[in-house]
């Protein structure tokens, strides 16, 4: 069992007999929320507290900026402590959690402090993709203190968190606009609009709790024996009766995974869901189209969100499960001009390049380019499963008949055309039937929905597990 | 000042609900006076050969409904307003 060893500590165990300090924002309290047993540490004059301790039984490195020391402004010495923690975590191969509450660099130290912040950036980039880096923002984090978290793998924001490059006062002076800190860089805007925040939490406890969960899901798995997941008959009834009906994919994912897991960027591009969780104890990252939003269409924003998620999973060897029900890319000039090709290419790049095990499940339909983007066989999926009745095609059968037989149908009377069209649609369905897709190797197996967790677990266990040797650039 | 003004307008417009995706209205499921919760279905659109709901963005009471079955709606159109 690992014990909390505050770095630079005098060797005595941390004193937990003292009553909790009046200031809930002090590092000792905040770090104690992170570890399995209370045992944070205090900041020294540098304004940064550092600690190492068990999270769900295994070690994690952490640093915490003390807002009680000059508002948490980053000194050169404090930055050096952060660099030390990030490097130690990299050497040990364990996650590092940063608790942020800082106005930025300490202005009175001048370029020395700025230089310190630069060294933090460099340390974080060097550790990127090597060990999971989780940032928890618990108060204002401005300038360098905002870019620090933004460089890491996952950003959790509490309700009190505010992140921005330049604050309201500078904005007012330069552009004349008046805007409050919350409207400028609060958890809502970063969760829904900017994509900076991955998880929103109501308070310190919930935010640090999310970091505990993330550390456990992203780190290299221990010796836990994964189990064979039980059948879930409810999965047979989870899709709407009518194939054209939209539905929320959330309940389906909850039946697939052991528990809720943790969803990242839930309010941004909600037409795709990215969720970390466990399947029979195995950690997995799930990427799922969500038909209740935009019909589950892929968009530029959804592609970028999923690409970053897949790359992060790949960096830490977390297997990816794609749950596919996608009608295509959302058509329109807004998407084309918004860079759907550029952002969509990120998702193709992420899947095609991933070496972590990746399994695809087509629940209902997968059409055209969006079929490929959701980890098709040709993109390198280790296994592709389909539920009975799933449609995989260049486009839906009706649309395909319209394109392929437009002239022939136009030459017929209205009545004849309707009959002929129905005939052709049936033929088109046969041509793209699951039997044929299995025979051609595009799909490995059509599976009973109830057995889905077990089939995916088997496929994960037999896949050659790899992980990327690349950095996790904040896409 | 322009961006700031836009922001105020956006906030005021929170009461108007627009579809996320263009389509043809299949069915309107609320009428003025209907109490809705955030995420409740206001109407169904046919789009991308699917039936896609327009969801209430907040809880409240439907004040007005601006579409009927058969209407073609665009992303910036108002489907209903909620107070």
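The values are calculated or read from the model by the stated rules, or taken from the named source; none is laboratory data. Predicted model, so just to flag it, every value in this text is computed and none were measured. No Cβ is skipped: glycine too gets one built from the backbone with ideal geometry, and neighbour counts run over all protein chains shown.
Check B:32, B:53 and return the single one that is farther than 30 Å from residue A:171 by Cα, modelled with pLDDT under 95, facing chain A (nearest Cβ under 9 Å) and out of contact with any helix residue (DSSP H, G or I) (no Cβ under 7 Å at 6 or more places or on another chain).
It is B:53.
What's the total number of residues in the range A:350-369 that are in contact with a helix residue (DSSP H, G or I) (Cβ under 9 Å, 6 or more places away or on another chain), part of a helix (DSSP H, G or I) and under 21 Å from residue A:330 (Cβ atoms)?
Residues meeting the conditions: 3.
Could you check how many residues of the range A:218-273 are touching a helix residue (DSSP H, G or I) at 6+ places or on another chain (Cβ under 7 Å) and on the phi > 0 side of the Ramachandran plot?
Result for the range A:218-273: 2.
Considering only residues that are away from chain B (no Cβ under 14 Å) and closer than 22 Å to residue A:30 by Cα, which ones fall in the range A:161-195?
Listed by number, the residues that qualify are A:161, A:162, A:163, A:187.
Exactly one condition in (1) within 14 Å of chain B (Cβ to nearest Cβ); (2) within 21 Å of residue A:384 (Cβ to Cβ) is not met by residue A:301; state its number.
With (1) within 14 Å of chain B (Cβ to nearest Cβ); (2) within 21 Å of residue A:384 (Cβ to Cβ) applied to residue A:301, the lone miss is (2).
State all residues of the range A:174-184 that are in contact with a helix residue (DSSP H, G or I) (Cβ under 9 Å, 6 or more places away or on another chain) and free of Cβ contacts under 8 Å to residues at least 40 places away in the same chain; if no residue qualifies, say none.
Hits for the range A:174-184 are A:175, A:176, A:177, A:178, A:179, A:180, A:182, A:183, A:184.
Does residue B:9 fit the bill of being touching a helix residue (DSSP H, G or I) at 6+ places or on another chain (Cβ under 7 Å) and at pLDDT below 95?
no
Checking residue A:472 against (1) more than 30 Å from residue A:152 (Cα to Cα); (2) surrounded by 12 or more Cβ atoms within 10 Å (Cβ to Cβ): exactly one of these is not met. Which one?
Only one criterion is unmet by residue A:472, namely (1).
Mind listing whichever residues of the range A:147-167 are at pLDDT below 95 and crowded, with 18+ Cβ neighbours inside 10 Å?
Scanning the range A:147-167 gives a single hit, A:167.
So which residues in the range A:86-104 are assigned to a helix (DSSP H, G or I) and touching a helix residue (DSSP H, G or I) at 6+ places or on another chain (Cβ under 9 Å)?
A:86, A:87, A:89, A:90
Look at residue A:158 and say whether it is within 19 Å of the chain's Cα centre (by Cα), under 20 Å from residue A:305 (Cβ atoms) and away from chain B (no Cβ under 14 Å).
When the stated conditions are applied, residue A:158 does not pass them.
Please work out which residue is farthest from residue A:61 (Cα to Cα), limiting yourself to the range A:34-49 and to residues that are under 29 Å from the mean Cα position of the chain (by Cα) and crowded, with 22+ Cβ neighbours inside 10 Å.
A:48
What number of residues in the range A:323-343 are away from every other protein chain (no Cβ under 14 Å) and closer than 16 Å to residue A:366 by Cα?
Counting residues in the range A:323-343 that are away from every other protein chain (no Cβ under 14 Å) and closer than 16 Å to residue A:366 by Cα gives 2.
Could you list, in sequence order, all residues of the range A:392-406 that are within 12 Å of chain B (Cβ to nearest Cβ) and part of a helix (DSSP H, G or I)?
A:397, A:398, A:399, A:400, A:402
Got a sec? Which of B:25, B:41 is at pLDDT 90 or above and away from chain A (no Cβ under 14 Å)?
Among B:25, B:41, only B:25 is at pLDDT 90 or above and away from chain A (no Cβ under 14 Å).
Given (1) in a helix (DSSP H, G or I); (2) touching a strand residue (DSSP E or B) at 6+ places or on another chain (Cβ under 8 Å); (3) surrounded by fewer than 18 Cβ atoms within 10 Å (Cβ to Cβ), identify the lone condition not met by residue A:389.
Single failed check for residue A:389: (1).
Scan the range A:432-444 and report the pairs whose first residue is within 12 Å of residue A:378 (Cα to Cα) and whose second residue is in a loop (DSSP other than H, G, I, E, B), with Cβ atoms within less than 8 Å and a gap of 6+ or a chain change.
Here the result reads A:442/A:376, each pair linking the range A:432-444 to a residue that is in a loop (DSSP other than H, G, I, E, B).
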